[in-house]
Structures are given as structure tokens and as C-alpha cells.
Amino acid sequence: MRYDDGKDCFIYIQHEHGVIENGSLELITKAKELLSDTEENVVAVLLGTLDQNTHDTLADYGADAIIVCEHPDVSAYDCLNHAAVLTEIIETHHPKSFLFPGTVRGRELAPRISARVHTGLTADATRIELDNHEGQTHSLAITRPAFGGNLFATIITPDHVPQMATIRPGVFEMKKVNTPYAKRIDHTTDVELKSPIEIEAIIPKENDNASIADAKLIVSAGRGVKDCLDMVQHVAKTLNAELGASRALVDDGVVAKLSQVGQTGSTVRPLLYMACGISGALQHTAGMDKSETIIAINNDPAAPIFDVADLGIIGDAKEILTHLMRRLDVSNTP
């Protein structure tokens, strides 16, 4: 689209059963940080019922205003109805940027909306900055991995608005900033919602693919422990940790894609990240270097993983894991 009065950063709020997706709150926090020295606002956009608890949560994380559409046909997620109403909100309120969490829902919605409003979309981004090029101080420069994570591309869209992007969950910190007041703006849709999708029931998944992104403890395996993966799994189970993996093991079909950590997998921030047999290429460390404590086990003293590790253990992973399993099994013995 083309309009000259674009302002504010809109954030799509993904929620289910009264729970807000962490990725949406992370985007509110980041947008608030970026716009802190400007006169622009962070605007949460929520389709469905906005109760007081949800309103207060969005304000706590930095929303200056909340646009709400409580039409019954958007109370449950329907991709086509949500895309139609969000397009209408863009055409009505003229945001300068519109960010979506890079969840399954966000990746489904954002491209449909960008096509409807004739603007670009940066998908699966990992970094957002203000673009200071040619005086565009309030525009966004959005960075994403490209060519299989072998390089980063920074993308700007100076000629069309809103600037749109899906942002990978977990790359930004989720932090309360306690905005004193978040103004509620009710949106009454004029769109005739006639989606061919009929929702019969909503059944929550038992194993969400966000589990590794939310894990507090992760024991991760690389190609160096492919022949003793069962030992890594044993350590993870004993610690009640999630099993992570490098792209190499996923590509080899040894570990499921949902466990992959890195630029082309999940970005994680656990209290403890144990990397076993992982060399530490940028494509992997970019997804876990914000972990509170990193322990690395590798037989190569020059492995890049040691550059980000808080504790590095140089040696044969199988031998080290054997000793670790013994100590853990003893400590768990009644």
C-alpha cells in the first residue's frame, strides 16, 4: 500500500484459551525498546475477546494501545476471516509496520495479508533495528538468515507500507515494562465474513513444537555423538531436560526437526544448555548463545562452541557422558 500518514508498530497477538503466545509478547517488548525515543506507539492487535487480565498483560509488556475486534466469526482462529479483518484494520489505521510471531499461525496469516495490501514481507526474521539510511529513522531494517543460514540478509521496504515481518519466537527477550495505560480501540468490521472453513472442534496438541523453545534445560546432540545418541538422551531424561540437536543430525534423519536448534530451527534461552559433540558453527550458536549457562563437550580444543561456552570440556564425548551418567544415576538413587 501507499499512504503518507503511516505511524506506529502493530503487533499481532496470538492467543488461545486466555493464554498469549510468548512470541507476541517478545515482539511488544522489542518494539517498545526500538520506539522508546520516538513519538510512535506500540499497538497490540487482538481478534477475539479481550478480558481484563489479557489487557493488563499486554500493557505490562509495553503495549500503548490495543485494537480489539470481538466479532463472533473471529473468536476462534480462522485464517481467512482473520486475514480479512486484519487487512481492514491496516486500511483503517495505517500502521507503519506490522509484526507477527513466526509461529505456524503467523506464517500462515502474514503472507496472505501482505499480498492483500500489496506490500513486502520479510519471513522468519531474527533481528530488527531502526533503519537510519537516508533519514528513515523510524523505519525498520529487518534481518533474516538466507542460503540455508550461511549468510544474513537485511531487508528494508522504503516504498510500501506497512513494513511486515514474521519474527522467529525466542530471539528477543520477553520483559515487563509496565506501561501505565493501554488505550483500548474497538474495531467494528464491515467485512462480510464468509469463510468456507467450518470449525467443528479445537483440540490442543499434547506436544507443541514450542516446547524446546520454552525449555529451561536442554541437552543437545551434534554429529560428534551420533554413535552414542542414546547416552545423550539418557542424560536429558535424567535431568528432565529437552533433547536438542544440530542441523546435521536432523538432516541425517536421526533426530526430529522439532528438536533442531539454530538459525533454521528453534531459538532457545534455557537456564542450562549442554552441547554434546557440536562444533559450534554460527548457524547453531545463533540459536542458543543467549542461554544463561552453556556447557560444551567436544574433543577439538579449537571448536567454535568453546567461544560461547561458560564451561568447556575437551575430550571424548562418549567417555565424558559415561562418567556423567554414573554420577547422575547415583544422585538419583533413593
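Quick notes
- Selection status of Thr267, under 19 Å from the mean Cα position of the chain (by Cα) and of a type outside the set (Phe, Trp, Tyr): yes
- The selection criterion, being in the same structural domain as Val177 (by TED's automatic domain parsing) and either on the phi > 0 side of the Ramachandran plot or surrounded by 22 or more Cβ atoms within 10 Å (Cβ to Cβ) (or both), does not hold for Glu108.
- Strands (runs of 3 or more DSSP E) within region 26-116 that include 2 or more residues within 16 Å of Arg184 (Cα to Cα) and out of contact with any helix residue (DSSP H, G or I) (no Cβ under 6 Å at 6 or more places or on another chain): 42-47, 65-69
Quick grid of which residues meet (1) surrounded by fewer than 18 Cβ atoms within 10 Å (Cβ to Cβ); (2) closer than 15 Å to Ile218 by Cα; (3) in the same structural domain as Val171 (by TED's automatic domain parsing); (4) acidic (Asp, Glu):
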{"residue": "Val235", "(1), (2), (3), (4)": "no, yes, no, no"}
{"residue": "Asn240", "(1), (2), (3), (4)": "yes, yes, no, no"}
{"residue": "Val250", "(1), (2), (3), (4)": "no, no, no, no"}
{"residue": "Ser266", "(1), (2), (3), (4)": "no, yes, no, no"}
{"residue": "Pro301", "(1), (2), (3), (4)": "yes, no, no, no"}
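- Residues of region 29-48 that turn out to be in contact with a Lys or Arg (Cβ under 6 Å, 6 or more places away or on another chain) and either under 14 Å from Tyr61 (Cα atoms) or modelled with pLDDT of 95 or more (or both), as a count: 2
- Odd one out for Arg127, checked against (1) modelled with pLDDT of 80 or more; (2) closer than 23 Å to Gly244 by Cα; (3) not assigned by TED's automatic domain parsing to the domain that holds Asn22: (3)
- Taking the criterion of being crowded, with 20+ Cβ neighbours inside 10 Å and at positive phi, the only residue of region 3-47 that qualifies is Asp8.
- Cβ pairs under 7 Å, 6+ apart, first in region 71-85 and in contact (Cβ under 8 Å) with a residue 12 or more places away in the chain and on the phi < 0 side of the Ramachandran plot, second among the hydroxyl-bearing types (Ser, Thr, Tyr) and surrounded by fewer than 18 Cβ atoms within 10 Å (Cβ to Cβ): Ser75/Thr49; Asp78/Ser195; Leu80/Ser195; Asn81/Ser195
The values are calculated or read from the model by the stated rules, or taken from the named source; none is laboratory data. As the structure is a prediction and not an experimental result, all values here were calculated from the model. Using ideal geometry, Cβ is built from the backbone for each residue, glycine included, and neighbour counts are taken over all protein chains shown.
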